[in-house]
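**Q** Sharing a structure here in structure tokens format.
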Amino acid sequence: MATYNEFKEWIEQEMQKRGWRQADLARAGEMDPVTLNRILNMERKAGPDSCSAIARALGLPPEDVFRRAGLLPKLPEENSTLRRINLRLRELLNDERGQVVLPQIDVIVEALYRQAFGDKGTRTPEEKDNAEDAKAVRIRRDEKE
């Protein structure tokens, strides 16, 4: 688990990368600037609300910030790329406009899967059934439109 000083230093590095002051981070995260100042002066620890605001400001998955703050345990061999993709997909799923691109994403994932594993791949029968079900739903939806 990270020390609180490491968390503070990480936030300061992230602000420096962006050329931000504390006020900029607080504004971007829609958080009280006094709260952020107290966190960075190590007068108070960041809680879930503060970590969520910092994550929002930095465009990071909240769980990343929670882990850096010591609110969640570190994951073994973290994969930040996969987490960023996951965050973006969750954002798409929560937005009606994002639903439009999901079929294209499915096609891309299928192509990458085939490229990695060949035509047969290593899918289990259940994974194959799920892919066929998703394809059938897309076809029915496309026919309605």
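The values are calculated or read from the model by the stated rules, or taken from the named source; none is laboratory data. Computed from a prediction, not measured in an experiment: that's the story for all the values here. All Cβ positions, glycine included, derive from the backbone under ideal geometry; neighbour counts span all protein chains shown.
**Q** For Glu63, indicate whether it is part of a helix (DSSP H, G or I) and touching a Gly at 6+ places or on another chain (Cβ under 9 Å).
**A** No, not satisfied.
**Q** How do the pairs read when you match residues in region 80-93 that are modelled with pLDDT of 80 or more and surrounded by 12 or more Cβ atoms within 10 Å (Cβ to Cβ) with residues anywhere that are assigned to a helix (DSSP H, G or I) and of a type in the set (Phe, Trp, Tyr), using Cβ under 8 Å and keeping only pairs 6 or more apart or on different chains?
**A** Matching pairs, first to second residue: none at all.
**Q** Shifting gears a bit: Which of the following residues is assigned to a helix (DSSP H, G or I) and touching a Pro at 6+ places or on another chain (Cβ under 7 Å): Ala23, Ala28?
**A** Ala23
**Q** Next question, about the same structure. Considering only residues of region 19-55 that are at pLDDT below 95 and basic (Lys, Arg), which is farthest from the chain's Cα centre (by Cα)?
**A** Only one residue tops the list, namely Arg44.
**Q** Based on this model, can you work out whether Gly59 counts as loosely packed, with under 15 Cβ neighbours inside 10 Å, at pLDDT 95 or above and not polar (S, T, N, Q)?
**A** no
**Q** List the residue pairs whose Cβ atoms are under 6 Å apart, where the first residue sits in region 52-69 and is touching a residue at least 40 places away in the same chain (Cβ under 8 Å), the second is part of a helix (DSSP H, G or I) and hydrophobic (A, V, I, L, M, F, W, C), and the two are 6 or more positions apart or on different chains.
**A** Ile54/Val65; Arg68/Phe7; Arg68/Trp10; Ala69/Phe7; Ala69/Cys51
**Q** Checking Met42 against (1) assigned to a loop (DSSP other than H, G, I, E, B); (2) within 20 Å of Asn5 (Cβ to Cβ); (3) among the hydrophobic types (A, V, I, L, M, F, W, C); (4) in contact with a Ser or Thr (Cβ under 7 Å, 6 or more places away or on another chain), which single condition isn't satisfied?
**A** (4)
**Q** Here is a further query. Hey, among the residues in region 4-39 that are free of Cβ contacts under 8 Å to residues at least 24 places away in the same chain and of a type in the set (Val, Ile, Thr), which one's farthest from Pro73 (Cα to Cα)?
**A** Val34
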